[in-house]
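S.K.: I am attaching a structure below and will ask some questions about it afterwards.
The values are calculated or read from the model by the stated rules, or taken from the named source; none is laboratory data. Fair warning: this is a prediction, and the values are worked out from it, not measured in the lab. Ideal geometry is used to build each Cβ from the backbone, glycine not excepted, and the neighbour counts take in all protein chains shown. When the accessible area is computed, the model is the full protein with side chains, heavy atoms only, and any ligands, DNA or RNA have been set aside. Shrake-Rupley method; radii C 1.70, N 1.55, O 1.52, S 1.80 Å.
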Amino acid sequence: MNEQVVLITGASRGFGGEAARRIAARGNHVVATMRNPERDGPAIVAGHEDRVTAAQLDVTDVEAVERVAAETLARFGRIDVLINNAGYGLYGPIEEVSEAQVWRQFDTNVLGQWRMAKAVLPSMRARGAGKIVNVSSLAGRVAGAWLGMYAAAKHGVEGMSEALRFEVGHTGVQVCVLEPGMYVSDWQTGSLDVAAPQLEGRSAYQETVEAALANFRARAKTRPASGSVGVAMADMVELEQPLPMRWPVGEDSTHLIESRLNATEAEWEALRRAGTLRTWRRPGEQGGVERQWGGENVVLITGASRGFGAAAARECAARGSLVAATMRDPDRDGEAVREGFEDGVVTFPLDVTDAASIEAAVEAVRERFGRIDVLVNNAGYGLYGPLEDLGEDECRRQLDANLLGPWRLQQAVLPVMREQGWGKVVNVSSLSGQVPRALRGMYAASKHAVEAMSEALADEVAPFGVQVTILQPGQYRSDWQTRGLDVCETVRAGRSAYQPGVERKLAEFQGVAATRPGSDAVGMAIADAVQLQQRLPVRWPLGEDALRLIPARRATPDDVWERDRRAEGWGLTMDDMA
């Protein structure tokens, strides 16, 4: 191939540093970005001064991202390959990581990649060529205890990247997800962010996590260095054939991802119980107090003003439970939910993006009912539009409501549930939590993240008697697709490069939604989860489309899936461009 211009983030050391030097050694120009090029740049540039430029970049800084992309284009006239490598890990119980830590994790690991792609896509589209390599992880496909929020971020990368591939593939821009396993690096030591209660010795999970972290770090020391990941990145730059959708690297990533995809939930659970999966083994058996769930339960439901939440509130009350139906405006929406169930449904104000509002609501529910048996995290909405067109505030709002909202509620109720020795958490995901589609990329990222967080949480809280399940509804008729849908401002203003396609697909999407069943089936499933005496499954798909597409996605190779879905019109085409 001709000389390529390659822009790499997080290139001060590890995967990025290794890749920068190897790619330059093959005759390419590399802009190796890092937070502190004065300190870290000389080691990366040494011996490749004519091929490697160290540049300052913090991927959480919008202006810096735009500046580096513009300077690279001004110097070289093009960017052939973007390798989104910058990122770091977060370790600790989901209940105990802080909001600042969660936001930093997603700001760097998910939104950092989105910002970089947004900055380079216009020039790549104009040339009709380009490659975007988003570095995920084995944890992007396999979630486990204590790395739950890191896994959530990397699952988000996977969902966002697959959606982006369907959005831009027709333009000549290729998108690939690199999935490294564990390699020896300072990722597990100096760069790893650990929850403060764990560091300070006051964690409710102290001894278990302390032992797990020591084992995690000891095992990391036995792993290979990052050379094979650097080679894989260099190979991706040079590859003449189309990039695959995903590229696992390392024996653990290659084998564990395949095992995860080929195993049912029950089979995967058995493998983890057997202790054969090392870091991903189950940390403890189900404990807590034996409880009968068929009678009266206190159920807190978010987003209960309409749709799934309202249906669930009324069905749970009809079965004898006491329901705390939370919503932003009970004065406006509460009466319709309570009607006919005034003794069983009490409405409370709650905004899941407001920590103070959550604290007040949980306190009010406990004061009214004395306990909380079940949390149903239902509140959320969809963000619609090409990933290239989304705004910073739009992406943050999506993650804030759909991911941090459920996380905040879990943080608020888990101490109560652990103390009483029982509890259930029902996290409402979506078909999009497993099956991404074009124009819903950030929504898919948020729901992929919910799935990983929930799966990890199920392991962490099982010894305390708390169960977690992920509800995966397909498409149902509701105002989610109409007044509840957030169509990005660029599309609303008619300024999208993909405008004809977005308008056409939005009309199709809303047209299909009008033919779907209402919310009763989802409300019924939530009520069933509340009452189920058997242990909750990890996942609970619901609706003919979810039951059909989720297993098919897991069982179908990426290339076959993409070919068949594009044939069905899932991707955008040149006719969809403005």
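S.K.: Give a quick list of GluC sites (Glu not before Pro) in segment 248-291 that DSSP marks as loop, anything other than H, G, I, E or B, with at most 14 other Cβ atoms within 10 Å. Don't jump to the answer; show the numbers that get you there.
M.R.: Numbers: sites: E251, E258, E265, E267, E269, E285, E290; in loops: E285, E290.
Listed in order of number, the matching sites are E285, E290.
S.K.: Oh, and also: Suppose a student asked you for the relative contact order of the chain, using Cα pairs under 8 Å spaced at least 6 residues apart; what percent would you report?
M.R.: RCO, the chain: 15 percent.
S.K.: Counting each DSSP H run of 4 or more residues in the chain as -39500 (n - 2.57), what helix-only mean residue ellipticity at 222 nm follows after dividing by all residues, to the nearest 500 deg cm²/dmol? Don't skip to the answer; put the middle values down first.
M.R.: On the way: 22 runs with 271 residues, N = 578.
Calculated at 222 nm, the ellipticity per residue is -14500 deg cm²/dmol.
S.K.: Right, next: Whenever you get a sec, compute what percent of the accessible area on segment 392-457 sits on carbon and sulfur atoms (1.4 Å probe).
M.R.: Details: 480 of 1200 Å².
The value for segment 392-457 is 40 percent carbon and sulfur by accessible area.
S.K.: Return the loop-located GluC sites (Glu not before Pro) in segment 48-103 (DSSP other than H, G, I, E, B) with at most 16 other Cβ atoms within 10 Å of their own Cβ; answer none if there are none.
M.R.: Values: sites: E49, E63, E66, E71, E95, E96, E99; in loops: E49, E95, E96.
Counting only loop positions with at most 16 other Cβ atoms within 10 Å, the GluC sites (Glu not before Pro) in segment 48-103 are E49.
S.K.: Let me ask something additional. Per residue, how large is the accessible surface of segment 372-497? Use a 1.4 angstrom probe and give square angstrom.
M.R.: Working: 2840 Å² over 126 residues.
Each residue of segment 372-497 exposes 23 Å² on average to a 1.4 Å probe.
S.K.: So what's the gap between the Cα centers of segment 430-490 and segment 29-90, to the nearest angstrom?
M.R.: Centre-to-centre distance over Cα atoms comes out at 33 Å.
S.K.: Place a +1 charge on the Cβ of each Lys and Arg in segment 290-429 and a -1 charge on the Cβ of each Asp and Glu, then give the dipole magnitude about the Cα centre in debye, rounded to the nearest 20. Walk me through the numbers before you get to the answer.
M.R.: Working: 15 positive and 23 negative charges, 109 e Å.
Value, rounded to 20: 520 debye.
S.K.: Further, regarding this structure: Rg to Rh for the chain: what is it, with Cα atoms only and Rh by Kirkwood?
M.R.: Values: Rg = 23.5 Å, Rh = 24.3 Å.
Here the Rg-to-Rh quotient is 0.97.
S.K.: Ok, one more. Compute the whole-percent fraction of alpha carbon pairs in segment 123-251 spaced more than 24 Å apart. Mind dumping the intermediate values first?
M.R.: Details: 3301 of 8256 pairs.
That tail contains 40 percent of the Cα-Cα pairs.
S.K.: So, one more: Of G10, M34, P244, which is farthest along the charge dipole of the chain in the positive direction, counting Lys and Arg as +1 and Asp and Glu as -1 at C-beta?
M.R.: P244
S.K.: Here is a follow-up. Which distance in Å, rounded to a whole number, links the C-alpha centroids of segment 287-336 and segment 507-578?
M.R.: Here the two parts' Cα centres lie 25 Å apart.
S.K.: Here is a further query. Quick one: work out Rg over Rh on the C-alpha atoms of segment 263-335, Rh as Kirkwood radius. If you can, show how the numbers build up before the last one.
M.R.: Numbers: Rg = 18.7 Å, Rh = 15.4 Å.
Ratio of gyration radius to Kirkwood radius for segment 263-335: 1.21.
S.K.: Kirkwood hydrodynamic radius of segment 171-234 from all distinct Cα pairs, in Å? Kindly include the intermediate steps, with their values, before the conclusion.
M.R.: On the way: mean 1/r = 0.0701 Å⁻¹.
Value: 14.3 Å, from the Cα pair sum.
S.K.: Same structure again: What does the convex hull of the Cα atoms come to per residue for segment 1-98, in Å³? Don't skip to the end; give the middle numbers.
M.R.: Details: hull volume 11.3 nm³, N = 98.
Cα-based convex hull of segment 1-98, divided per residue, equals 116 Å³.
S.K.: Can you give the relative contact order of segment 189-330 as a percent, counting alpha carbon pairs under 8 Å and 6+ residues apart?
M.R.: Details: 83 pairs, mean separation 18.0, N = 142.
Relative contact order here is 13 percent.
S.K.: Just to confirm a number: summing +1 for Lys and Arg and -1 for Asp and Glu over residues other than R492 whose beta-carbon lies under 12 angstrom from that of R492, what do you get?
M.R.: Result for the local shell: -4.
S.K.: Taking 23 Å as the cut-off for C-alpha to C-alpha distance, list the pairs among K118/K154; K131/K447; K154/K505 that go past it.
M.R.: Numbers: K118/K154 18 Å; K131/K447 25 Å; K154/K505 28 Å.
From the list (K118/K154; K131/K447; K154/K505), the Cα-Cα distance tops 23 Å for K131/K447; K154/K505.
S.K.: Can you find, among G441, C488, F464, the residue farthest towards the positive end of the dipole of segment 430-578? Put +1 on the C-beta of Lys and Arg, -1 on that of Asp and Glu.
M.R.: Sorting the options by dipole projection puts first C488.
S.K.: For segment 472-578, take the convex hull of the Cα atoms, compute a quarter of its surface area, and give me that in nm², please.
M.R.: Values: hull surface 35.2 nm².
So the Cα hull casts an average projection of 8.8 nm².
S.K.: Ok, one more. With Cβ to Cβ distances under 15 Å as the rule, what net charge do the other residues near V530 carry (K, R +1; D, E -1)? Intermediate values should be presented prior to the final figure.
M.R.: Working: positive: R291, R314, R319, R371, K424, R535; negative: E296, E315, D373, D528.
In short, +2.
S.K.: Over the Cα atoms of segment 303-358, each weighted equally, I'd like the Debye log10 I(q)/I(0) at q = 0.22, 0.28 Å⁻¹, rounded to two decimals.
M.R.: Evaluating at q = 0.22, 0.28 Å⁻¹ gives log10 I(q)/I(0) of -0.73, -1.07.
S.K.: Rounded to whole Å and sorted largest first, what semi-axes of the equivalent ellipsoid does the C-alpha gyration tensor of segment 468-518 yield via the square root of 5 times each eigenvalue?
M.R.: Numbers: eigenvalues 124, 37, 19 Å².
Value: 25, 14, 10 Å, ordered largest first.
S.K.: Give the Rg/Rh ratio for segment 60-162, taking Rg as the radius of gyration of the Cα atoms and Rh as the Kirkwood radius, to two decimals. Mind dumping the intermediate values first?
M.R.: Details: Rg = 15.2 Å, Rh = 14.6 Å.
Dividing the radius of gyration by the Kirkwood radius yields 1.05.
S.K.: Then there's this: What is the mean projected area of the alpha carbon convex hull for segment 182-295, to one decimal in square nanometres?
M.R.: Details: hull surface 45.9 nm².
Computed as one quarter of the Cα hull surface, the answer is 11.5 nm².
S.K.: Please report, as a whole percent, how much of the solvent-accessible surface of segment 1-93 comes from carbon and sulfur atoms (probe radius 1.4 Å). Show your work: numbers first, answer last.
M.R.: Details: 1670 of 3780 Å².
Result for segment 1-93: 44 percent of the exposed heavy-atom area is carbon or sulfur.
S.K.: Let me ask something else. What is the magnitude of the charge dipole of the chain about its Cα centre, with +1 placed on the Cβ of each Lys and Arg, -1 on the Cβ of each Asp and Glu, and no other charges, expressed in debye to the nearest 20? Each step should come with its number before you reach the end.
M.R.: Working: 64 positive and 78 negative charges, 204 e Å.
About 980 debye.
S.K.: Round to a whole angstrom and tell me the spacing of the C-alpha centers of segment 142-169 and segment 94-135.
M.R.: One Cα centre to the other: 11 Å.
S.K.: Only sites in a loop by DSSP and with at most 10 other Cβ atoms within 10 Å count here; which GluC sites (Glu not before Pro) in segment 199-229 make the cut?
M.R.: On the way: sites: E200, E207, E210; in loops: E200.
Qualifying residues, ordered by number: E200.
S.K.: Oh, and also: Please name whichever of W114, S185, G47 sits farthest to the positive end of the charge dipole of the chain, dipole taken about the Cα centre and charges placed at Cβ: Lys and Arg +1, Asp and Glu -1.
M.R.: Farthest towards the positive pole: G47.
S.K.: Averaged per residue, what accessible surface does segment 186-296 expose to a 1.4 Å probe, in Å²? Can you show the working numbers first?
M.R.: Values: 5680 Å² over 111 residues.
Counting only protein heavy atoms, the per-residue value for segment 186-296 is 51 Å².
S.K.: Net charge near G250: determine it from the other residues with C-beta under 9 Å of the C-beta of G250, scoring Lys and Arg +1 and Asp and Glu -1. Before the final figure, lay out the partial values.
M.R.: On the way: positive: R223; negative: E179, E251, D252.
Here the charged neighbours net out to -2.
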